[in-house]
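The values are calculated or read from the model by the stated rules, or taken from the named source; none is laboratory data. Everything numeric in this text was worked out from a predicted model, so none of it was measured. In this analysis, Cβ positions are derived from the backbone assuming ideal geometry, glycine residues included, and neighbour counts consider all displayed protein chains.
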Amino acid sequence: MKVKNLMLCATALAPSLVWAKELPNIIYIVTDQQTASAMSCMGNDDLHTPNMDKLAQSGVLFRNAYCSTPLSGPARAAMFTGYTSHEVGLARNGTPIPDSLRTRTLGTLMQDAGYDCIYAGKWHVHTASMPDKEFGFTTIHPHSDNGLAEACVGFLEQEHIKPFFLVAGFDNPHNICEYARSQNLPWGNLKDLPQSEWPGLPLNFAKNPYDADVISYEQGLNYSAYPTRNYTPDDWRRYRSLYYRLVEKVDAEIGKILNAMDKQNLWKNTVVIFTSDHGDGVGAHHWNQKSALYEEVVNIPFIVTLPGKKNAGKEMPQLVNNGVDFFAAVCDWAGIRPPEGLHGVSFRALVEKADPSLKHQDYIVTETTFDKGGNTRGWALRTSRYKYVLYDKGRYREQLFDMEKDRGEMRNLAIEEKYKEILLQHREYLHNWMKLHHVAQIRKDVHTIPEVNPEYER
């Protein structure tokens with residue numbers, strides 16, 4: 001009888017043992033409001049991020065990764081549903097996930113595939129903290145950076161029979177919002193550096209003369225979000241100084257998780273994905289916060305470390321969306337067939353082959369809705385060379401930038417005749433994307449994209 005019971009136990013454990021052997025653990029580390037350039041491994045000498053650098057040295061860094069939406073709730077909704085935020089009514093903060101999607105979120109799919117799904121920190125879709133035992137996750141820490149890393153370390157130190165999917169959602173450097181409003185910083189009080197140690201202004205501190213005027217319009221409507229509109233240059237330097245200190249603060253917290261991985265020898269069978277939900281203007285074009293489609297706001301850090309640190313130290317130029325593409329990639333690693341109707345493209349093959357010349361996707365799109373003020377909508381479409389930006393109203397609402405020559409977005413090529421063909425091509429790309437993702441037009445007879453026939457089908 002004893003032998004029989006042992007055989008039954010072994011049989012019951014067999015699937016778990018197979019999972020543990022064949023499927024990788026996945027750790028997803030997400031900061032809040034961190035622009036791609038806010039890492040020393042990106043050549044930024046105004047801060048020191050040894051732990052983010054460690055991930056870059058151990059993994060594959062994407063320089064052209066973009067958020068789905070430059071706003072926390074919608075950005076995270078795209079990550080965990082696989083849809084663009086407007087498709088499922090999640091274009092603004094504070095909007096709950098529709099009931100129809102509650103059982104097909106990434107957590108529920110991963111749980112069904114045999115993963116232990118663990119959540120720590122910021123959720124924001126729509127509640128600040130992940131509700132325990134919902135969306136497929138067990139919650140081990142609420143929305144607060146205090147104690148978040150320690151909770152993750154405690155989990156990593158446990159014995160794991162099944163593969164796990166651990167999300168560590170940090171709040172910082174988002175506390176820069178509270179700083180700009182002269183509020184207390186809940187998880188980021190820092191000693192102010194002397195003025196002589198503040199970083200300088202960015203090269204694109206000035207606005208380009210053909211910038212979309214709707215951005216200034218939105219800035220003037222919402223003092224709570226944009227108290228910086230009357231900042232002096234030194235005010236901006238102080239803002240940038242504190243922003244970088246907050247990035248360093250969260251970097252130290254990430255280091256605790258990486259040290260636990262070292263001690264538990266977890267690198268051999270774990271995929272680590274590091275990103276941020278969106279960026280921050282950090283003074284570029286006199287902009288703080290998110291929502292606008294400036295490069296500092298939509299270009300985000302993105303590093304993937306493979307099991308065994310395969311392809312360590314590689315850099316990739318391909319275009320990646322950290323919302324819908326992230327959903328597709330995690331499903332890919334977990335052996336999950338994504339639900340019908342999703343259009344994200346997995347980046348797993350890119351990371352595993354690490355070939356900079358490998359063809360991936362022709363373009364990606366970031367969409368925005370200013371959720372306060374004038375509710376302006378906009379889209380940024382990035383191709384390998386150019387970035388096309390379109391807002392739904394205002395003067396100079398259409399923009400085109402050469403990302404090889406003008407990453408700071410100071411020369412709007414949309415006004416120059418010699419770039420007309422490139423402009424038309426990018427209009428067509430956006431038109432096709434809007435059709436695919438069911439973007440509602442202003443009116444049936446008025447298309448959002450200039451000179452595009454709303455009835456035209458290609």
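Conditions tested, residue by residue: (1) touching a Gly at 6+ places or on another chain (Cβ under 8 Å); (2) of a type in the set (S, T, N, Q).
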position	(1), (2)
Y244	no, no
S276	no, yes
H286	no, no
T305	yes, yes
K310	no, no
N321	yes, yes
V324	yes, no
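So, in region 114-138, of the ones that are surrounded by fewer than 20 Cβ atoms within 10 Å (Cβ to Cβ) and not acidic (D, E), which residue ends up farthest from the chain's Cα centre (by Cα)? Looking at the filtered set, the residue picked out is G114. Residues in region 324-364 that are within 22 Å of N432 (Cα to Cα) and touching a Lys or Arg at 6+ places or on another chain (Cβ under 8 Å) were compared, and the one that is surrounded by the most Cβ atoms within 10 Å (Cβ to Cβ) is I364.
When you check L47 against the structure, is it crowded, with 24+ Cβ neighbours inside 10 Å and in the same structural domain as S144 (by TED's automatic domain parsing), yes or no? For L47, the condition - crowded, with 24+ Cβ neighbours inside 10 Å and in the same structural domain as S144 (by TED's automatic domain parsing) - is not met.
Looking across L101, L90, L106, one residue alone is among the hydrophobic types (A, V, I, L, M, F, W, C), assigned by TED's automatic domain parsing to the domain that holds E150 and in contact with a Pro (Cβ under 8 Å, 6 or more places away or on another chain). It is L90. Scanning region 110-123 for residues that are assigned to a helix (DSSP H, G or I) and not charged (D, E, K, R) returns M110, Q111. When every residue of region 232-245 is checked against the conditions, at least one turns out to be under 19 Å from K207 (Cβ atoms), in the same structural domain as W187 (by TED's automatic domain parsing) and in contact (Cβ under 8 Å) with a residue 60 or more places away in the chain. Taken over region 371-389, the residue count meeting the criterion of being of a type in the set (D, E, K, R) and either at pLDDT below 95 or in the same structural domain as A225 (by TED's automatic domain parsing) (or both) is 2. Each residue in region 81-109 was checked for being closer than 15 Å to G323 by Cβ, of a type outside the set (A, V, I, L, M), in contact with a strand residue (DSSP E or B) (Cβ under 8 Å, 6 or more places away or on another chain) and not in a helix (DSSP H, G or I), and 1 pass.
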